[in-house]
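What follows is one structure encoded as structure tokens, with my remarks underneath.
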Amino acid sequence: MSRYWSEIVRTLTPYVPGEQPKIDGLVKLNTNECPYGPSEKVLAAIAGQNSEALRLYPDPQASALKAAIARRHGLAESQVFVGNGSDEVLAHIFMGLLRHAAPLLYPDISYSFYPVYAKLYGIATRAIPLAEDFSLRVDDYLQASREQGGNGGIIFANPNAPTGMPLPLAEIRRLLQGNPDSVVVVDEAYVDFGAESAVGLIAEFPQLLVVHTLSKSRALAGLRVGYAMGQADLIEALTRVKDSFNSYPLDRLAIAGAVAAIEDEAWFEATCRKVIATRERMVAGLQTRGFQVLPSAANFVFAQRPGSDGAALAAGLRERKVLVRHFRAPERIAPFLRISVGTEAQTDALLAALDAILA
Ligand code: PMP
């Protein structure tokens with residue numbers, strides 16, 4: 001650690017990414033990627049970028065992409081912000097919209113980057129514990145706000161990560177109605193696998209931002225494209241942050257590929273249906289083998305096997321070339337495994353490996 005580092009940097013720990021080992025025959029169910037490749041139309045659009053396109057700067061507004069996203073969600077282009085993966089979009093939201101005197105509220109447990117961004121930007125936070133059954137209780141947020149005289153914003157993932165559990169739209173509406181004075185961010189990274197999207201509430205609630213990614217349901221984690229949707233006033237704030245930070249967040253390949261991905265509804269519908277069907281088969285297979293599985297609306301499940309140690313199960317699977325995610329902390333989730341939905345064959349391999357471990 002260098003004496004040149006700032007106070008905030010001193011408190012940051014290096015990100016430990018999900019493992020991406022290059023091992024033949026590995027069944028990789030640890031990072032919630034899509035098990036299928038993206039639409040062929042995406043590959044064609046990227047291949048279509050010629051030397052002239054690469055010589056020139058990309059469109060700083062990424063207008064073609066914003067227009068495609070706006071069309072798909074029934075919004076105006078001014079209601080869409082795009083970034084280099086939803087992680088970057090979230091970073092801009094923290095910087096531009098969630099930095100206030102009152103603490104930001106977020107669930108404990110949730111996506112691990114929320115507290116990291118808050119720390120990075122010097123934002124005060126208050127973590128609101130999930131209920132005993134891992135559900136998010138809207139009343140806890142409203143009560144915390146009353147207690148502390150407001151909040152600097154609220155952020156949560158729907159479905160939540162790593163639990164996969166969805167929050168019903170009626171509950172999100174109730175949260176928005178009870179919290180008119182600060183921004184509410186709904187991170188819908190996994191929404192396409194069975195949860196209800198809050199996008200339809202944008203017209204009614206000026207404080208709502210909804211964040212999507214192409215990394216999961218569009219199979220483009222490698223392209224790094226995410227976006228936020230909200231009323232033009234919030235989007236304008238994010239654009240000002242972006243313009244002062246990196247005026248060209250998306251390169252031409254990403255813009256071209258993302259437009260093709262957004263426009264290929266048929267590929268998208270079929271892929272989501274396939275992942276959901278495999279998830280249901282995986283859940284049944286896990287339950288048969290003594291696992292308790294939280295209700296998942298995501299492309300992964302969160303499961304524990306009473307009497308089995310989570311770390312030992314993960315290690316046993318790893319020995320059999322099946323990678324799943326095990327979180328040692330917090331203690332409450334240590335018995336659980338987070339398992340991404342793979343292909344049918346990968347699901348068979350997972351279940352067979354579990355049979356071998358549990359035999
Ligand atoms: N939000 C949640 C809840 C996630 O799990 C992830 C993926 N790790 C992201 C956002 C970020 O995804 P990306 O940057 O690939 O869009």
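Please enumerate the residues belonging to segment 17-63 that are aliphatic (A, V, I, L, M), more than 22 Å from residue 227 (Cα to Cα) and within 16 Å of the ligand (Cβ to nearest atom).
Answer for segment 17-63, where residues must be aliphatic (A, V, I, L, M), more than 22 Å from residue 227 (Cα to Cα) and within 16 Å of the ligand (Cβ to nearest atom): just 29.
Return yes or no: is residue 38 assigned to a loop (DSSP other than H, G, I, E, B), at pLDDT 95 or above and more than 21 Å from residue 162 (Cα to Cα)?
Yes: the conditions hold for residue 38.
Find all pairs meeting these conditions: Cβ atoms under 7 angstrom apart; at least six residues apart or on different chains; first residue within segment 40-65 and closer than 28 Å to residue 240 by Cβ; second residue among the small types (Gly, Ala, Ser) and loosely packed, with under 15 Cβ neighbours inside 10 Å.
60/247
If I go through segment 97-114 residue by residue, how many of them are within 12 Å of the ligand (Cβ to nearest atom), hydrophobic (A, V, I, L, M, F, W, C) and part of a helix (DSSP H, G or I)?
1
Every residue, every condition in (1) crowded, with 23+ Cβ neighbours inside 10 Å; (2) of a type in the set (Val, Ile, Thr); (3) assigned to a loop (DSSP other than H, G, I, E, B); (4) at pLDDT 95 or above, yes or no:
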site: 128; (1), (2), (3), (4): no, yes, no, yes
site: 174; (1), (2), (3), (4): no, no, no, yes
site: 205; (1), (2), (3), (4): no, no, yes, yes
site: 219; (1), (2), (3), (4): no, no, yes, yes
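Just the residues that are of a type in the set (Gly, Ala, Ser) and in contact (Cβ under 8 Å) with a residue 12 or more places away in the chain, please, taken from segment 1-39.
18, 25, 37, 39
Could you pull out every one of the helices (runs of 4 or more DSSP H) wholly within segment 242-359 that has 2 or more residues that are in the same structural domain as residue 188 (by TED's automatic domain parsing) and buried (at least 21 other Cβ atoms within 10 Å of the Cβ)?
Fully inside segment 242-359 and qualifying: 252-263.
Inspect all residues belonging to segment 125-139 and state whether any of them is more than 30 Å from residue 273 (Cα to Cα), aliphatic (A, V, I, L, M) and either under 20 Å from the mean Cα position of the chain (by Cα) or assigned by TED's automatic domain parsing to the domain that holds residue 13 (or both).
yes
Show the residue pairs meeting these rules: Cβ distance below 8 Å; 6+ apart or different chains; first residue within segment 110-122 and in the same structural domain as residue 94 (by TED's automatic domain parsing); second residue part of a helix (DSSP H, G or I) and away from the ligand (no atom under 15 Å from the Cβ).
Taking only residues 6 or more apart or on different chains, the pairs are 119/8; 119/11; 120/8; 121/95; 122/8.
Any residue at all in segment 85-96 that's surrounded by fewer than 16 Cβ atoms within 10 Å (Cβ to Cβ), closer than 22 Å to residue 205 by Cα and away from the ligand (no atom under 14 Å from the Cβ)?
No, every residue in segment 85-96 fails to be surrounded by fewer than 16 Cβ atoms within 10 Å (Cβ to Cβ), closer than 22 Å to residue 205 by Cα and away from the ligand (no atom under 14 Å from the Cβ).
Looking at segment 213-234, can you tell me whether even one residue there is under 12 Å from the mean Cα position of the chain (by Cα), within 12 Å of the ligand (Cβ to nearest atom), closer than 21 Å to residue 178 by Cβ and outside the structural domain of residue 274 (by TED's automatic domain parsing)?
no
The values are calculated or read from the model by the stated rules, or taken from the named source; none is laboratory data. This structure is a prediction, so every number in the text was calculated from the model and none was measured. Ideal geometry is used to build each Cβ from the backbone, glycine not excepted, and the neighbour counts take in all protein chains shown.
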